[in-house]
1. Choose one of PHE509, LEU732, LEU339: the residue whose Cα lies farthest towards the positive end of the charge dipole of the chain (beta-carbon charges +1 Lys, Arg; -1 Asp, Glu; about the Cα centre).
2. For the chain, give the magnitude of the charge dipole about the Cα centre (Cβ charges: +1 Lys/Arg, -1 Asp/Glu; no others), in debye to the nearest 20.
3. Read phi for every residue in the stretch 793-799 and hand back ³J(HN,Hα) as whole Hz from Karplus 6.51 cos²θ - 1.76 cosθ + 1.60, θ = phi - 60°, with x for Gly and Pro.
4. Note the full-extension length gain between GLN832 and GLU157 as 0.36 nm times their separation in residues minus their Cα-Cα distance, in nm to one decimal.
5. From the phi angles alone, apply the Karplus equation (6.51, -1.76, 1.60; θ = phi - 60°) to the stretch 740-751 and give each ³J(HN,Hα) in whole Hz, x where the residue is Gly or Pro.
6. Could you work out [θ]222 nm for the chain from helices alone, using -39500 (n - 2.57) per DSSP H run of at least four and dividing by all its residues? Round to the nearest 500 deg cm²/dmol.
7. Taking every DSSP beta bridge with both residues inside the chain, roughly what % is antiparallel (nearest 5)?
8. What is the percent of Cα-Cα separations in the stretch 472-588 that go past 16 Å?
Amino acid sequence: MGKNVTPGISQCMIVKNEEANIERALTWGKGIVSERIVVDTGSTDRTMEIARKMGAAVYEFPWVNDFSAAKNYALSKARCEWIVFLDADEYFSPEDAQKLPACLKQLPPDTYDGVITAFVDLDNEGKILQVGSHLRVFRNLEGLRYCKRIHECLQKEGSQTIEAADMTGELSIFHTGYGKAEKQRKQGSRRNLDMILEELKENPGDYEMYGYLGDEYAGMGELSQAEASYRKAFSLMPPERKGVYGVTSSEMARRFLSVLTLMPEKEEKDLLEVYQAAVEGWPEDGDYDYLMGQYYGSRGDYPSGERHLRKALGLLERYGYTAKSAVLSGNILKAYEMLAMCCFNNGKLEESVKTSAAMLKENPYLMSTLMVMLSALLRDPGTGGRGREGALEAAAFLGSNFYQLQSLKDRLFILQAALSAGYRELVEVLKETFTPEEFRAVDQALGGKLSGPVSRETPVHLMSVPGASADRKKRERLRIVLFYCLIDSFNFFADQLDREFQARGHETFLLDLRNPFPESPHSYAAFARFAASGIDAAICHDAMCIRDQALIDIWNRQKTLVLDILMDPPLRFHPSLENTPERYHLFCCDREHVGYVREYFKDKVPKVDFMPHVGVKPEAGDRITPYGERKYDILFCGTYYRPEDQMAEILKIYPENSDMWHLYEKTFQTLKKDSGLSVVQGILLTINQMGLNLSEEALKSVLNISNYVDWAIRMYQRGRVVTTLAESGLDLYLLGRGWENLPASRLPNVHRIDDRIPYGDTLAYMADARINLNVMPGFKQGTHDRIFNTLLQRSVPLTDSSAWIDDNYTDGVDIALYDLDHLEKLPDIAGQLLKDQELAGRIIENGYKKTAENFTWSRCADWILEAIKEEVDR
């Protein structure tokens, strides 16, 4: 028996705290829909009030962690023949809303159950991010329901196929929820992740849910987990989904490939494996080639970049953007900009000019695009090769096609691009168009660049970066590159050094290894323009700037000195240490680590030195909370993983009954008994005890894999220390991920503050703690930045010791120490520091003074600059 419905359209939505969107959401259908149904799942703002004032029928539905349950409740209230189910941040344009009733009326009732429309994601400025398609308009049928608690989908009774008419050419839904603020809000919540995991517990073979799980991890920056989830999704995907274009098939492959392009440690073959599978499954989608084109172009492989971008654009032109090429269609200008750059660097100057011209026709104020065009014109013998005459023709070409040369704004725009491109003759031609008053004002605004000589250095891209370092010894102002990556703390460190170097008058550039789009100030494209004038030094942490061969090639061509600061033991970085740039200086935070590199990489790493960690000195005038008024008694900032999980990673490499497994397991047990041993010492001792005879290469391989033992012993000791304090009854606060895996963390005196916050924000927590706990079993002759940050935030660092700490600090005078082999004394030490404010204050003041004088980012910058000067003078 069919459902009893009336003619017309029911607009349905579920909402929570949507007062910013609800009015527009209920406006587009005015005069179009017959009823507006709003189901609220727990708003605390004015959402329901506004909806009622606008005439909507508002129902309250308790949130049960199930989107389908709420949506099906809304469906139960709908009375009309057709239903339009949009979210509060989605809407039809006025034009498409007017067309909607006629479009639905023409559909035979026995043929189609719904309508597929285009779906357009917009950013906060209204720019298109991507274009896809969705089924959001459907008949009000008996037995038609949403299923799955998240990423819900429509299903007919008996799992019958829903037949939908393709109206992507006539109707479009616009989605504003992809704006930056909204994206940050969604990514800050674990709600979606938890719901997906619950769904997978019930349906472990649901490949779509694994794909959505990958999306959530990617949004949280957990790229390794995202990759694993996508791989699982593809292993479970039914073969018949290949060739079907949609969110859970072709677009999932695109999201998987996109994540891999953001992982600096991934090799080209890793991307090509996924790319090949994607293009074989969905050969009409241009997004895969667009991503590969951006990947190759940003890394300087311009022939490959051009090939993939041309293929991507050809697929878009041939097959359109309906459920295909969604990212490419939303980033068409970026695709053409990279294509123009690739053509330029491939010597195809005419193609570069044509492509740039097509983009400037759309938007003449694309600075990087105009720079590429002018660089191509400068290199072309027909223009740049003809001096002033060619420059006059170039100016006329720009004036007749893109700009109003009588407009001061347009002339300034062209002038800036010409200066950046080094097109001297064009600059001279433009200078003649200014009145004396204009010239003085413009020259002053540009820092005297007009009255001085114009550089001939052309800002070409990675493959063509010249070795502009011949006069390096004459320069006091250094040009330095620093790096952003996927590790938040390293980005914070890069910002500290960037500020210090700029304060000393040096030129810096921050390159984002996460591969941002070309218009970003930290993109590879912007880096290429900076690099055109030479790079004196590149400074990174944990080998981040030498994991990509394209970057190593640049350092070698530029004769750049690479300074690499290892924050962790070198046994983790064997592949990078085997392939270093020609000019390479490594710093380790532990003297034993220095010896390790000299022992096993003497032929690969020409220079390695010790450099201690440092901390952040507060700004002058920052308020210091009195010791007795601080919020946290004992604070530990750091993550926790179960040690057995780290050891289990070795079992993925070696069988449990093998000698190699026994080697690592016995080492772990030895380290648990003797906290004075480092991991390397433990491995070598165990090899000797087992009588193993290993070649040098085999030994290096063993040491490299002992990285998992290093993690396991760190976590084991962290767990011991935290458990000892927790069981003593002292109030303990934990800031970091994974502590739910430690039983002692569930004691009532142990408090979880947050799961994950930016590195820089932890300093405020440290400053509000009486004692900051530190555990560093992996640094027997070195340091940890947590100690220095604690003292500089004027708190007491309570830490296990090392040979370096014993040489530079004194227990009870400027630091507080405990012994991992005598943890039974730890609660008394901590308790005394909490009770004796005079003792704690003395340690803080003495430690602060010593640290502020010797171990800050200012001192770190000094050490680095001294190393650069020594290398340059050598």
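The values are calculated or read from the model by the stated rules, or taken from the named source; none is laboratory data. Owing to the predicted nature of the structure, the values given are computational and were not obtained by experimental measurement. Here the Cβ is made from the backbone with ideal geometry for all residues, glycine too, and neighbour counts use every protein chain on show. Side chains included, ligands, DNA and RNA excluded: accessible areas come from the protein's heavy atoms. Shrake-Rupley method; radii C 1.70, N 1.55, O 1.52, S 1.80 Å.
1. Looking along the dipole axis, the top candidate is LEU339.
2. In debye, rounded to 20, the chain gives about 1140.
3. 8, 6, 10, 8, x, 10, 9
4. Values: separation 675, 0.36 × 675 = 243.00 nm, distance 6.90 nm.
Value of the extension gain: 236.1 nm.
5. 3J(HN,Hα) across the stretch 740-751, in whole Hz: 5, 7, 9, x, 5, 5, 8, 5, x, 8, 9, 10.
6. Values: 36 runs with 413 residues, N = 874.
It lands at -14500 deg cm²/dmol.
7. On the way: 19 of 83 bridges.
So the antiparallel bridges in the chain amount to around 25 percent.
8. Values: 4014 of 6786 pairs.
So the pairs more than 16 Å apart make up 59 percent of the total in the stretch 472-588.
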